[in-house]
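Below: one structure, written as structure tokens.
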Amino acid sequence: MSSTWDYSPAPESTDMVDIRGDYGMFIDGTWSEPASGEYMKTINPATEEVLAAIPVADETDIDQAVAAASKAFKKWSKLPASERARYIFRIARVIQERSRELAVLETMNGGKPIKESRDLDIPLAAAHFFYHAGWADKLEYAFPARKVEPLGVAAQIIPWNFPLLMLAWKIAPALATGNTVVLKPAETTPLTALTFASICEQVGLPPGVVNIVTGAGATGAMLVRHPDVQKVAFTGSTEVGKEIQRAIAGSGKRLTLELGGKAANIVFDDAPLDQAIEGIVNGIFFNQGHVCCAGSRLLVQEGVFDALIAKLKRRLGTLRLGDPLDKNTDIGAINSRQQLDKIKELVGAGIDEGAELYQADCPLPERGFWFPPTVFTGVSQSHRIAREEIFGPVLSVLTFRTPEEAVEKANNTPFGLSAGVWTEKGSRILWMADRLKAGVVWANTFNRFDPASPFGGYKESGFGREGGRHGLEAYVRLS
Amino acid sequence: MPTVSDLEIANAIGGSVDAVGAELRAASLATRSIKKEAKVEGLLLAVRCCDLTTLEGSDSPGKIRQLAAKAQRPAPGDASIPHVAALCIYPRLVSLAAGLLKDSGVKVASVATAFPSGQAPLRARLEEIERAVADGADEIDIVISRGAFLAGDEEAVFEEVSASKQAAGPAHVKAILETGELGSYDRVRRASLVAMAAGADTIKTSTGKISPASTLPMAVVMAEAIRDFHDATGARIGLKVAGGIRSAKDALRYLVIVKETLGEEWLTPERFRIGASSLLNDLLMQLDKQRTGLYSDPDRYTLD
């Protein structure tokens, strides 16, 4: 018996994952090569090992995909709603059946810990399909006394932080309401979307109802501009969201944007501190902080600042960073070199601006992209690390004295996606929730999601809601 | 180290518990995957932290002889298996057990204070402690007065634990909170702080006589209270979980909670105990499974 009890490596097996050397795009129910013949490589960010070659779609491919979706729309939108529901239920069930494969793939391609992809991403993705399958033949109850019609072809562009889950958030409501889809996964994380295409084949989804095209920003730009697209749904950076909005202005296309955030996680002095610590850790270090609704600004009431920071620093020491496939890993790899560079730049700015840096003392693997859990104290509202979205495991801590000051600081940001309130006082939670300009306000918890709960932002965090009855509205024409 | 002499310290530490958050934390720690060497080490550690327990009306000298043998050599003929931490029994059998376990390294732990209800006059409860210690008990597991605590009379609980500690003299005092009767995590935290402030050397979840007994979230909440008490006073109070812990898997989950909440310093029989009876055989069976890859016939493990 050694003096310490260390956990042995517990890597999840990759046996059930079959990564092909190169992939086609899924257009009109078949796998097609890119017209340009051009491919890009997708890697495992934890090892920098190349996993597969992915097609780069150009104008011709986008044309084909949108044409296939337009053609499929004619039948799909006329299908009895209970039939559509049946397909969506089947998709949900196959996601559950193939959940281990999808979780391992998500972790290999994106760098997130297997415990998160296994316990959160994949189960929630399945839950979204189940939930929306239920709505498909009940839309008249979602919108009583209204005529409900689908829009047509939805162009959907999703980010790299929750690849399959964001796909589910986009595709499930679109299909349930009778639309067809052309979806582009993020360039760094296409593998679960392409596996999802094989699930569409497996459940016998009619060709063209779901099309998956791959590529980088240019491909996405072509897709949203395509004249036969009636609806654009985008999740990603505020910068790109603005570009999309400019590009499609005046086209009559419906648009929903789910963009960046700089959420305030507000801890009052009467909060249950140990649970608040878990909420803070989950708020900012979950998925390496690659979360648009991450609680990246911690606002602490002055009276508990010392106690809370001491507890937080100790907790940082117990976070396990390393092999994302290890079942005991808490912090995985940063998704890409580009993102790592951005995190490093902003952390550098934090140091330059005079904030005090604290990092967990954990060794980083040699290969791959890694960043240790980081906490900045002594942060001012004017610091870049309090203003800009870092999208990494970096927490900026500020203090406040009164609830009014907490609200003022929390709302003093161009974003407005989420917020957290920690207090034992129920009345204060309601008082805060009334005043916080954020699409989601979590009370004594953080980063909890449910398909029935609408998600979306204020201000530069975007508009439109995903999930719940509100989420359906983005995919229907009501008259 | 500041002296801990009154309820003030419990008040100063204070704090509250969010039930949803505490349960989430426990559930999250329960997903830790303990494999290979870590599993073997964990199982051996669990054996060393075991309070092998029998607390039945039917307990007899014969039963104590059997368990005393088992406590010293859980796996006959296998020297790699350590002895357990203590044998936990009723006071009447202490002198016998003390004789049997003399110089074995296995401590004699006796429940006292009208276990499990605690519903006897204080004088009688204190005499019970004194008698058990005089008979050779190294450790005394007392029960707190849940009635007084739930009625808001923390002073009474404090005074009783304090008096029990005094009555126990050199013996190690474990205060049983009977968490299943306290009704909320907030009260579990509060009772933990009161018992520690009053001088308990270890705080213990349950008597094992009522349900629910020990649960993972209760252990999380109590471990957090112990940690906060250590931060405030420097004292390292032990944790004992008891009641309903039958599988090696559960035992490992408690070890994970202790490791990740209190740290490696608490992973020792001096600061962590698992009260159990049937657990020990499952630990032995899982250890054999790790070594041989096969589950053995249950009859290879002694039923005592």
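Just want the ordering: A:LEU478, A:LEU436, from fewest to most Cβ atoms lying within 10 Å of their own Cβ.
A:LEU478, A:LEU436
What does the convex hull of the Cα atoms come to per residue for chain A, in Å³?
Once divided by residue count, the hull of chain A is 148 Å³.
5 Å is the cut-off here: which amide hydrogens, built 1.01 Å from N in the peptide plane, fall below it relative to B:THR53, excluding neighbours closer than 5 in sequence?
Here the answer is B:CYS88, B:ALA276, B:SER277, since their amide H atoms fall under 5 Å of that of B:THR53.
Take each of the peptides B:115-127, B:132-144, B:264-276, average the number of other beta-carbon atoms within 10 Å over its residues, and list them starting from the highest. Numbers along the way, then the final one.
Numbers: B:115-127: 15.5, B:132-144: 24.2, B:264-276: 21.8.
Peptide ranking by packing, descending: B:132-144, B:264-276, B:115-127.
Roughly how many nanometres apart are two label points built 7 Å out from the Cα toward the Cβ at A:ARG448 and A:THR60?
With each label placed 7 Å out from Cα toward Cβ, I get 5.2 nm.
Could you work out, residue by residue across B:29-39, how many beta carbons of other chains sit within 10 Å of that residue's beta carbon, and then give the average as an integer? Don't skip to the end; give the middle numbers.
On the way: counts 0, 0, 5, 6, 11, 6, 7, 4, 6, 7, 3.
Mean number of neighbouring Cβ atoms from other chains: 5.
Would you grab the residues whose amide H sits under 5 Å from the one on B:LYS107? Only those 5+ places off in sequence or on another chain, please, with H modelled 1.01 Å from N.
Residues meeting the criterion, in which the H sits 1.01 Å from N, are B:ALA86, B:LEU87.
To the nearest 20 debye, what is the magnitude of the charge dipole of the protein assembly as shown about its Cα centre, counting +1 on the Cβ of each Lys and Arg and -1 on the Cβ of each Asp and Glu?
1660 debye
I need two numbers for region A:147-246: Rg to one decimal and Dmax as a whole number, Cα atoms only, in Å.
Here Rg and the maximum Cα pair distance are 12.9, 40 Å.
Apply the Karplus curve 6.51 cos²θ - 1.76 cosθ + 1.60, θ = phi - 60°, to the phi angles in region B:272-278 and return the couplings in whole Hz, x for Gly and Pro.
Per residue, the Karplus-derived 3J(HN,Hα) values read 9, 9, 10, x, 6, 10, 6 Hz.
Looking at chain B, do any whole DSSP H helices span at least 24 angstrom along their long axis by alpha carbon and average -1.0 or above on Kyte-Doolittle, and which?
Those that pass (Cα extent of 24 Å or more, hydropathy at least -1.0) are B:216-233.
From the cross-link list A:LYS71/A:LYS170; A:LYS311/B:LYS174; B:LYS36/B:LYS289; A:LYS78/A:LYS231; B:LYS174/B:LYS259; A:LYS170/A:LYS242, which pairs have alpha carbons spaced over 22 Å apart?
A:LYS311/B:LYS174
Once you average over the residues of B:250-259, how many Cβ atoms of partner chains fall within 10 Å of each Cβ? If you can, show how the numbers build up before the last one.
On the way: counts 0, 0, 0, 0, 0, 1, 3, 0, 1, 5.
If you average over the peptide's residues, the count of other-chain Cβ atoms is 1.
Once you average over the residues of B:94-101, how many Cβ atoms of partner chains fall within 10 Å of each Cβ?
Per residue, the number of nearby Cβ atoms from other chains is 0 on average.
Kirkwood Rh, Cα Rg: Rg to Rh for region A:344-433?
That ratio equals 1.03.
So between A:ARG401 and A:GLN202, what do we pick up on full extension, going 0.36 nm a residue minus the alpha carbon distance?
Length gained, A:ARG401 through A:GLN202: 65.9 nm.
Over the protein assembly as shown, what is the percentage of antiparallel beta bridges among all DSSP beta bridges, to the nearest 5? Could the numbers behind the result be given before it?
Details: 21 of 88 bridges.
Roughly 25 percent of the beta bridges in the protein assembly as shown run antiparallel, per DSSP.
Counting only C-alpha contacts under 8 Å and six or more residues apart, can you give the relative contact order of chain A as a whole percent?
Computed value for chain A: 18 percent relative contact order.
Which Cα, out of B:LEU101, B:ALA19, B:VAL241, lies furthest along the positive dipole direction of region B:8-291 (beta carbon charges, K/R +1, D/E -1)?
Checked the options; the winner is B:LEU101.
Using all Cα-Cα distances in chain B, what percent lands in each 10 angstrom bin from 0 up to the longest?
Reading upward from the zero bin: 6, 29, 36, 22, 6, 0.
Taking amide hydrogens as modeled 1.01 Å from N in the peptide plane, which residues meet the under 5 Å criterion relative to A:LYS425, leaving out close sequence neighbours?
none
Dipole size in debye (nearest 20) for chain B around its Cα centre, Lys and Arg Cβ +1, Asp and Glu Cβ -1?
I would put it at about 960 debye.
Where q = 0.16, 0.19, 0.22, 0.23 Å⁻¹, what log10 of I(q)/I(0) comes from the Debye formula for region B:2-124, counting one point per Cα?
Listed by q, the Debye log ratios stand at -0.99, -1.02, -1.10, -1.14.
Under 8 Å for C-alpha pairs, at least 6 residues apart: give me the relative contact order for region A:1-144, rounded to a whole percent.
With pairs under 8 Å counted, the relative contact order is 22 percent.
For Cα pairs less than 8 Å apart in space and 6+ apart in sequence, what is the mean separation divided by the residue count of region A:167-282, i.e. the relative contact order in percent?
20 percent.
Say the dipole of region A:264-443 comes from +1 at the beta carbon of Lys and Arg and -1 at that of Asp and Glu; which of A:LEU417, A:MET432, A:ALA355 then lies farthest toward its positive end?
The listed residue farthest towards the positive side: A:LEU417.
In units of 2.2 N^0.38 Å, what is the alpha-carbon radius of gyration of region A:264-443?
Computed over Cα atoms of region A:264-443, the ratio equals 0.99.
Quick check on the exposure proxy: order B:GLU37, A:GLU12 from fewest to most C-beta atoms within 10 angstrom.
B:GLU37, A:GLU12
Counting each DSSP H run of 4 or more residues in the protein assembly as shown as -39500 (n - 2.57), what helix-only mean residue ellipticity at 222 nm follows after dividing by all residues, to the nearest 500 deg cm²/dmol? Present the calculation step by step, with values, prior to reporting the outcome.
Values: 28 runs with 324 residues, N = 783.
So the calculated ellipticity at 222 nm is -12500 deg cm²/dmol.
Neighbour counts of other C-beta atoms within 10 Å: give me A:LYS253, A:LYS242 arranged from fewest to most.
Least to most surrounded, the residues fall as A:LYS242, A:LYS253.
Only the coordinates and a few stated rules stand behind these numbers; no lab work does. All values reported here derive from a predicted model rather than from experimental measurement. Methodologically, a virtual Cβ is constructed for each residue, glycine included, from the backbone with ideal geometry; neighbour enumeration extends over all protein chains shown.
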